[in-house]
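Below is one structure, written out as structure tokens; comments come after it.
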Amino acid sequence: MPGDTLQIGPFVGGINTKDDPSSIADEELVDCVNFDPQLNGSLQVRSPIQTISNTGVAGTIRILLIGVASFASGEYTIGTNDGGVYQRTTGDWTLITNTFQAAAMVQYADKIWLVPKIGSGTPGGTWDGTTFTADSDIPQGQAAGIYKERMFVVPGFDATTNSSRLKFSNAGVFGTWGASDFIDISPGDGQKLVDLQVFKGNLLLFKDKGTRVLSYDSTPFDAVIDPISTTIGPSNPYCTCQYENSIFVYQEGRVYEMVNFDYQQVNVKVPFVTDQSTPSSRSENAFLSNIGDRLVVRHFNRLYVLGLRTRVWTRWESTDLDLHNFGKFVKMTLPANDEYIAGSSVTSNKKVYRIKEDLDSTTDERNASTPVDIVCSIITKNYNLAASHVFKRLNWWGVDVLTNRLVTGRVTPIVNVAKVTWGFIKGLSLTWDQIDGKQWGFPTGGVIYVEDPGVDVGAAVTRKFLKFVKALRYRQVNFSVSFPASGTMLEGPARLYWLTMTTSTRQVVSKKVS
């Protein structure tokens, strides 16, 4: 068949939705869902999400995972909600105490120290793997950390008094908190002190619209506090995250990375879409988490993922909305393969989720032990092949993949059509559900595409090339590919490498506008 054969990809640039689809780089994508870009340039299906037991959790609201405790007796995931504080090794959850809801924890001297949330009517305390002991001296707060053998607690967003007050314990004695052992961090700026991170021998302090760094040699009363930013701070207590030599902060749709105490926005090419569709009753609208070498960002009902090795963005979705709506993850430390646990972000949902980096396992994405496919998909840029003034003919195109599942391909030529007004729609007596596109300014959209219903690739889990024979004429054109996957080694795991197209010139554009 005549024509030039061109390779499209590999797609090492991730998503770019900031620029026009015709002007982004050839290696970038308009959308990339449920793929993890690899260092070799391929796109691999993301790790599965699995529902685990929440039996034993009382209360009425979702369970928040606040940390992991390691004792000689084993490793325990620590969770909390309005029913109390719980621990889990495997199987069901066991109550530590039902006297209060915790907001944070630290582990020190073979105990975990549990910080009660602001407004708690009963004190926090300690747990040694067996026995809970109440401790009325532990202050209420939102976040806690250990710096130079002292425990520090910040008040958080819910504080109504002393909202800029950083409290600290005696050195090496977390059960002793002096009445004057505190530092007020810029109390006159009208901001609340909401989070902290120990970073490069310093204590980073996050206010809701600012960041400061604290350090001292002998005692906190001698501390030097320097501003890093007077405008950048986390949107809620779950919007800071540390990865190697970087700190990430989410603020109102923007993600910033701090390197050498300097902030840079890292999602410039990917403005987050504010999707407030069902479910909308979340405990928080945003969070940051580390999952392996990824930064996972929830922005309302969307999950955006930054590969921290590849430095490109993708998206995660699930056909099961519950699986899509997890909260902030904590990392287990003992399993040979990385494992991460999170509660739901939906206020009334007490489900608990797990992501394992071990793709050799037989675990699938599940809801109550029911497998759910991970639907992987990409949409490419609009290609004109550096000849926007010429009409071309697409003879055929195809995709290089590793999968044994049905693959669907769609090719969309970009055409210029007359604008259809609402007056024209009214004259046709069409209802809203009959309108293609459903855009207020451009009700019919004018999108024309050719879709192959799918290529049966056979049972063998091997890399193969799938050919779509759909000839058409175009000036600009984009491609989309989708296929389901389980996320396990039983299917590869599934990968997409690149696309190929065979095209030839047909005629110079004759119209004034095409």
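Of all residues in the stretch 273-289, those satisfying the criterion of being surrounded by 20 or more Cβ atoms within 10 Å (Cβ to Cβ) and either of a type in the set (Asp, Glu) or under 14 Å from the mean Cα position of the chain (by Cα) (or both) are Ala286, Phe287, Leu288, Ser289. Residues of the stretch 61-77 that are touching a Gly at 6+ places or on another chain (Cβ under 6 Å) and either buried (at least 21 other Cβ atoms within 10 Å of the Cβ) or outside any strand (DSSP E or B) (or both): Arg62, Ile63, Leu64, Leu65, Ser73. Just need a number here: residues in the stretch 182-209 that are at negative phi, in contact (Cβ under 8 Å) with a residue 12 or more places away in the chain and among the small types (Gly, Ala, Ser). Total meeting the criteria: 0.
Between Ala223, Ala179, which is free of Cβ contacts under 8 Å to residues at least 60 places away in the same chain, small (Gly, Ala, Ser) and in contact with a strand residue (DSSP E or B) (Cβ under 8 Å, 6 or more places away or on another chain)? Answer to the check: Ala223.
Only one of the listed residues (Ser186, Ser169) is small (Gly, Ala, Ser), farther than 15 Å from Ile66 by Cβ and surrounded by 17 or more Cβ atoms within 10 Å (Cβ to Cβ). That residue is Ser169. Answer yes or no: is there a residue in the stretch 183-205 that is among the basic types (Lys, Arg), in a loop (DSSP other than H, G, I, E, B) and over 30 Å from Leu29 (Cα atoms). Within the stretch 183-205 (the criterion being among the basic types (Lys, Arg), in a loop (DSSP other than H, G, I, E, B) and over 30 Å from Leu29 (Cα atoms)), the answer is yes, since at least one residue qualifies.
For Tyr256, all conditions in the list (1) free of Cβ contacts under 8 Å to residues at least 60 places away in the same chain; (2) within 23 Å of Leu64 (Cα to Cα); (3) crowded, with 19+ Cβ neighbours inside 10 Å; (4) touching a Phe, Trp or Tyr at 6+ places or on another chain (Cβ under 8 Å) hold save one; what is the number of the exception? Answer for Tyr256: the failing condition is (2).
Here Arg46 passes the criteria (1) crowded, with 17+ Cβ neighbours inside 10 Å; (2) over 30 Å from Met105 (Cβ atoms) except the one numbered (2).
Candidates Phe132, Phe100: the one that is more than 27 Å from the chain's Cα centre (by Cα), farther than 24 Å from Pro237 by Cα, at pLDDT 95 or above and crowded, with 16+ Cβ neighbours inside 10 Å is Phe132. Once the stretch 387-431 is narrowed to residues that are of a type in the set (Phe, Trp, Tyr) and modelled with pLDDT of 90 or more, the residue that is nearest to Ser480 (Cα to Cα) is Trp397.
Would it be correct to say that Phe71 is touching a Leu at 6+ places or on another chain (Cβ under 8 Å) and either modelled with pLDDT under 95 or not hydroxyl-bearing (Ser, Thr, Tyr) (or both)? Judged against the criteria, Phe71 is not a match.
For the structure I just gave you, tell me whether Asn267 is within 30 Å of Thr60 (Cβ to Cβ) and part of a loop (DSSP other than H, G, I, E, B). It is false that Asn267 is within 30 Å of Thr60 (Cβ to Cβ) and part of a loop (DSSP other than H, G, I, E, B).
Of the residues in the stretch 151-171, how many are outside any loop (DSSP other than H, G, I, E, B) and under 30 Å from the mean Cα position of the chain (by Cα)? Adding up the residues that qualify gives 5. Which residues, taken from the stretch 350-370, are more than 19 Å from the chain's Cα centre (by Cα) and either modelled with pLDDT of 80 or more or farther than 24 Å from Pro484 by Cα (or both)? Matches in the stretch 350-370: Lys350 only. For residues that are in contact with a strand residue (DSSP E or B) (Cβ under 8 Å, 6 or more places away or on another chain) and either aliphatic (A, V, I, L, M) or closer than 15 Å to Ser345 by Cα (or both), tally how many sit in the stretch 34-49. Count: 3.
The values are calculated or read from the model by the stated rules, or taken from the named source; none is laboratory data. Quantities reported herein were computed from a predicted structural model and do not represent experimental measurements. Heads up, the Cβs are rebuilt from the backbone with ideal geometry, glycines too, and the neighbour counts pull from every protein chain shown.
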